[in-house]
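To start, the structure itself, in structure tokens.
We did not get these values from a lab; they are worked out from the coordinates using the rules stated. Computed from a prediction, not measured in an experiment: that's the story for all the values here. Note that we place each Cβ from the backbone using ideal geometry, even for glycine, and neighbour counts take in every protein chain shown.
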Amino acid sequence: MKDAHLLEYLERFISEERKQRFLSILNQRTKYLTIAIEDVYQLHNASAIIRSCESFGLQEVHVIEDRFGKRLDKHIAMGAQRWVDVKRYGQTSDCLSQLKSEGYRIVATTPHAKSRLLDDFEIDGKTALFFGTEKEGLSEEVIAGSDGFLKIPMVGFTESLNVSVSAAIVLQTLTQQLRKSDLPWHLTETEKLEKRLDWTQKSIKSIEAILERYHRSSK
Ligand SMILES: C[S@@+](CC[C@H](N)C(=O)[O-])C[C@H]1O[C@@H](n2cnc3c(N)ncnc32)[C@H](O)[C@@H]1O
């Protein structure tokens, strides 16, 4: 209720067009499908993946910096990060247990055999897709902790695709599948309200001064 009141106040400082844009984007957002990138330390790959997540409507992205330490700049997504929630982990095990506790099915993406091909892959519950590094791929820990495997079919000589290209292909296919399904993939009304408040605040340049005025007036 408090959030709704603050939002109503802050929305006076953004245009009607902006407000409508937030609403239509939020109607396409999902947390039902999420992705985790494990040790993808190259900035251009990590940024491209987060940008794709934002573009395809994912609200949360999980970034693990385990095997090679903390190499990613905190502004990894160069803009897209403003609109998605990036959760960072120092250990793969923490990310796996967090997502499992939230009810996600863990799916490792890998170019290797035994994986389910992308076209045959059906989302039947909350799903977290894991992507690995250019050289090593995903760690044994993720492979062992996965509930399923997913592969983009390859018919050339090359063994694997670039990780950000893989993420874009998988997301395009699976977000389309999700939107056509009856699964409960939309954000809840509370989640939408939280995001509207967050995005509205980010859109107002002199937000500190406005918030101070609001809090003074509501005392
Ligand atoms: C360059 S690949 C890693 C190759 C690595 N040598 C290996 O054995 O996994 C980087 C990441 O992109 C994703 N990837 C690349 N090609 C893929 C494919 N055909 N199907 C599914 N995921 C793929 C996986 O997440 C992989 O960990």
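Some points to look at:
- The chain - mean residue ellipticity at 222 nm from DSSP helices (-39,500 (n - 2.57) per run, n ≥ 4, rounded to 500): -13000 deg cm²/dmol
- Taking every DSSP beta bridge that has both ends in the stretch 30-185, the antiparallel portion is near 5%.
- With one equal scatterer per alpha carbon and no solvent term, the Debye-computed log10 I(q)/I(0) for the stretch 30-185 at 0.21 1/Å reads -1.55.
- Placing +1 on each Lys and Arg Cβ and -1 on each Asp and Glu Cβ, with no other charges, gives the chain a dipole about its Cα centre of roughly 820 debye.
- The alpha carbons of the stretch 127-166 stretch over 30, 19, 16 Å along the principal axes, in descending order.
- Within straight-line cross-link reach of K192, lysines at Cα separation under 20 Å, skipping those fewer than 8 residues along the same chain: K2, K19, K31, K87, K126, K202
- When you filter the GluC sites (Glu not before Pro) in the stretch 150-219 for DSSP loop state and at most 11 other Cβ atoms inside 10 Å of their Cβ, you are left with E159.
- Stokes-Einstein D for the stretch 8-58, Kirkwood Rh over Cα pairs, 37 °C, 0.692 mPa s (µm²/s): 250
- On Cα atoms only, tilt of 92-101 relative to the major axis of the chain in degrees: 70
- For the stretch 171-216, trypsin sites (Lys or Arg not before Pro) meeting the loop criterion (DSSP other than H, G, I, E, B) and having at most 14 other Cβ atoms within 10 Å: K205.
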